[in-house]
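Structure first, commentary second.
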Amino acid sequence: MDSSEVLQPALRVALAWHPGETRAALQAVLELDAQLARIVAQAREGVLAQMRLAWWRERLSQPEGARLTGNPLLASLETRLAGAQTELAALVDGWEELLGEAPLPETAIDAFADGRADALAAIARCARVEPAGAELARRAARRWALADFAFRTSDERERAAALALARATPPPGRLPRQVRGIAVLGALADRAIDRHEPVLAGRIAPLIALRVGMTGR
């Protein structure tokens with residue numbers, strides 16, 4: 001099985017439209033995100049989940065060449081995202097925020113979204129996107145992170161908080177071609193936030209992904 005098949009459908013769509021030069025880097029970040037999501041989703045004891053997250057944080061914070069080469073995902077991250085230790089560790093920190101008791105405070109949801117956004121924005125740097133374009137990519141990633149969380153949580157208070165934070169994050173507009181996959185996620189998030197429904201829900205969402213994937217807007 002292709003490792004990309006473990007990703008959510010919306011992420012596979014975004015990956016398919018992302019330029020080939022940094023597609024492997026985006027896939028590595030998304031697979032790390034999925035791995036961390038599983039740790040949190042399967043957590044029965046917060047301490048054990050924190051220990052597993054700490055293992056990833058420690059490995060990702062190490063300098064290039066010092067990580068465990070026997071782990072394919074770590075090897076891919078080291079190869080594809082050199083110098084992104086801070087952003088990848090921030091992703092772990094973001095997922096750890098979700099280990100608290102429900103309803104999670106808005107600050108935890110905000111930090112979670114920031115961690116996800118920082119990690120995805122690292123793709124822009126890999127693609128040599130100008131700082132202004134990288135900030136637009138981060139904004140799109142943050143809106144997607146919040147929309148994705150909003151429609152996966154079963155707590156209505158958490159959903160309301162996430163959507164409020166998403167609406168407070170301005171839509172980025174058109175993103176550079178080098179981060180087209182993130183642009184697709186941002187566009188799907190925009191629709192989810194506006195229509196108050198899950199990302200990629202309905203028959204129109206795939207058409208939006210197709211349009212943005214082909215034209216960038």
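The values are calculated or read from the model by the stated rules, or taken from the named source; none is laboratory data. All values reported here derive from a predicted model rather than from experimental measurement. Cβ placement follows ideal geometry from the backbone for every residue including glycine, while neighbour counts extend to all protein chains displayed.
Those residues that are at pLDDT 95 or above, farther than 23 Å from residue 217 by Cα and out of contact with any Lys or Arg (no Cβ under 6 Å at 6 or more places or on another chain), I need them from the range 2-33; list them, please.
Within the range 2-33, 29, 31, 32, 33 meet the criteria.
Quick check on this structure: which one of 83, 94, 70 is assigned to a helix (DSSP H, G or I) and without any contact (Cβ under 8 Å) to a residue 60 or more places away in the chain?
94
Taking the range 127-162 on its own, how many of its residues are assigned to a helix (DSSP H, G or I) and under 16 Å from the mean Cα position of the chain (by Cα)?
Total meeting the criteria: 18.
Filter the range 90-132 down to the residues that are crowded, with 24+ Cβ neighbours inside 10 Å and more than 15 Å from residue 33 (Cα to Cα) and list them by number.
Once the filter is applied, which keeps residues that are crowded, with 24+ Cβ neighbours inside 10 Å and more than 15 Å from residue 33 (Cα to Cα), the range 90-132 yields 109, 124.
Of 100, 115, 94, 83, which residue is at pLDDT below 95 and closer than 18 Å to residue 54 by Cα?
Result of the check over 100, 115, 94, 83: 100.
Conditions first: (1) in contact with a Ser or Thr (Cβ under 9 Å, 6 or more places away or on another chain); (2) not in a helix (DSSP H, G or I). Residue 175 passes all but one, so which condition is the exception?
In the conditions (1) in contact with a Ser or Thr (Cβ under 9 Å, 6 or more places away or on another chain); (2) not in a helix (DSSP H, G or I), residue 175 misses (1) alone.
Of the residues 209, 145, which is buried (at least 22 other Cβ atoms within 10 Å of the Cβ) and at pLDDT below 95?
Matching residue, one of 209, 145: 209.
Could you list all residues from the range 119-148 that are farther than 17 Å from residue 14 by Cα and either in contact with a Phe, Trp or Tyr (Cβ under 7 Å, 6 or more places away or on another chain) or among the acidic types (Asp, Glu) (or both)?
Selection gives 130, 135.
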